[in-house]
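The values are calculated or read from the model by the stated rules, or taken from the named source; none is laboratory data. Here the structure is a predicted model, which is why all the values come from computation and not from measurement. Cβ coordinates were reconstructed from backbone atoms using ideal geometry, including for glycine residues, and neighbour counts include every protein chain displayed.
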Amino acid sequence: MTEKEPLFSAKNLKLIREPLGHSNPITVQVLGICSALAITVQLKPAIVMTLSVIAVMTISNVVISLLRNMVPPRIRIIVQLVVIATMVILVDEILQAFAYDVSKQLSVFVGLIITNCIIMGRLEAFALSNKPWPAFLDGLGNAFGYGLILIIVSFFRELLGSGTLMGYQVIPDSFYEFGYENNGLMVLPPMALIVVGIIIWVQRSKDKELIEQN
């Protein structure tokens, strides 16, 4: 009889740790860029989107893992889409009920979680071939990695573009009296891509293994 693996073994913790850096879905795998461009003008929508993706990805991973031996290979993509769509609808209904203003800000982008290639990729590459607990940790890690980049990008875009964080003014009025002005470019969609590019550059300059070999 084999010894049961601890819930938070080094192997399982790696599932959470790796997507935060070495295999981040946005900066390394270059997935989920559309939402990084669309909803990072302010910090609050980015945080809500992060929490939404965490809920959808972790639960979807667990459900697909539980069904992995019952779903015929021919219809696995359809089943995955049904599971994701169900979770997204539930999340959207909860947002409309308890955070309607943020729900309006996120608009169609909550619904587009259904087609988020990060979620589909993890279901296909991991959840279909692993037990529920590792699948849960894998979903959690990748959702955290995705959300981390959204939050970093939105932090700098809102701070430098509007002088606020979470809608509250953080740059004192005295700065504006001395000639300081908010950078209007930061609220434009291309700046999200530029900020993500800077994050990728910093990450790859620190981790040489991420630099592609010619």
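Is it the case that some residue within the range 122-140 is basic (Lys, Arg), touching a helix residue (DSSP H, G or I) at 6+ places or on another chain (Cβ under 8 Å), modelled with pLDDT of 90 or more and farther than 30 Å from Leu185 by Cα?
Step one: of the range 122-140, the residues basic (Lys, Arg) are 122, 131.
With touching a helix residue (DSSP H, G or I) at 6+ places or on another chain (Cβ under 8 Å) added as a condition, the list becomes 122, 131.
Next, only the ones that are modelled with pLDDT of 90 or more stay: 131.
Then drop every residue that is not farther than 30 Å from Leu185 by Cα, which leaves 131.
Within the range 122-140 (the criterion being basic (Lys, Arg), touching a helix residue (DSSP H, G or I) at 6+ places or on another chain (Cβ under 8 Å), modelled with pLDDT of 90 or more and farther than 30 Å from Leu185 by Cα), the answer is yes, since at least one residue qualifies.
One residue is enough: does the range 79-92 have a residue meeting the conditions hydroxyl-bearing (Ser, Thr, Tyr), over 15 Å from Gly145 (Cα atoms) and surrounded by 15 or more Cβ atoms within 10 Å (Cβ to Cβ)?
Yes: one or more hits.
If we only count helices (runs of 4 or more DSSP H) wholly inside the range 13-98, which ones have 1 or more residues that are within 22 Å of Phe156 (Cβ to Cβ)?
33-38, 43-67
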(request) Go through the range 186-209 and count every residue that is modelled with pLDDT of 85 or more, exposed (fewer than 14 other Cβ atoms within 10 Å of the Cβ) and closer than 12 Å to Gly21 by Cα. (result) 1
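Which residues, counting only those in the range 104-157, are touching a Pro at 6+ places or on another chain (Cβ under 6 Å) and surrounded by fewer than 19 Cβ atoms within 10 Å (Cβ to Cβ)? Steps first, answer last, please.
Taking the range 104-157 and keeping what is touching a Pro at 6+ places or on another chain (Cβ under 6 Å), we get 105-106, 118, 141-142, 145-146.
Gln105 - this is the single residue of the range 104-157 that is touching a Pro at 6+ places or on another chain (Cβ under 6 Å) and surrounded by fewer than 19 Cβ atoms within 10 Å (Cβ to Cβ).
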(request) Go through the range 30-52 and give me each residue that's touching a residue at least 12 places away in the same chain (Cβ under 8 Å) and at positive phi. (result) Gly32
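Assess whether Ile59 counts as being among the β-branched types (Val, Ile, Thr), crowded, with 21+ Cβ neighbours inside 10 Å and touching a Phe, Trp or Tyr at 6+ places or on another chain (Cβ under 9 Å).
no
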(request) Mind listing whichever residues of the range 100-127 are of a type in the set (Lys, Arg) and over 15 Å from Ile64 (Cα atoms)? (result) Lys104
(request) Could you tell me which numbered condition Gly179 fails, if it satisfies all but one of (1) under 26 Å from Cys117 (Cα atoms); (2) surrounded by fewer than 16 Cβ atoms within 10 Å (Cβ to Cβ)? (result) (1)
(message) Tell me whether the range 195-206 contains one or more residues that are over 18 Å from the mean Cα position of the chain (by Cα) and touching a residue at least 40 places away in the same chain (Cβ under 8 Å).
(response) no
(request) For Leu66, state whether it is over 17 Å from Val91 (Cα atoms) and touching a Pro at 6+ places or on another chain (Cβ under 8 Å). (result) yes
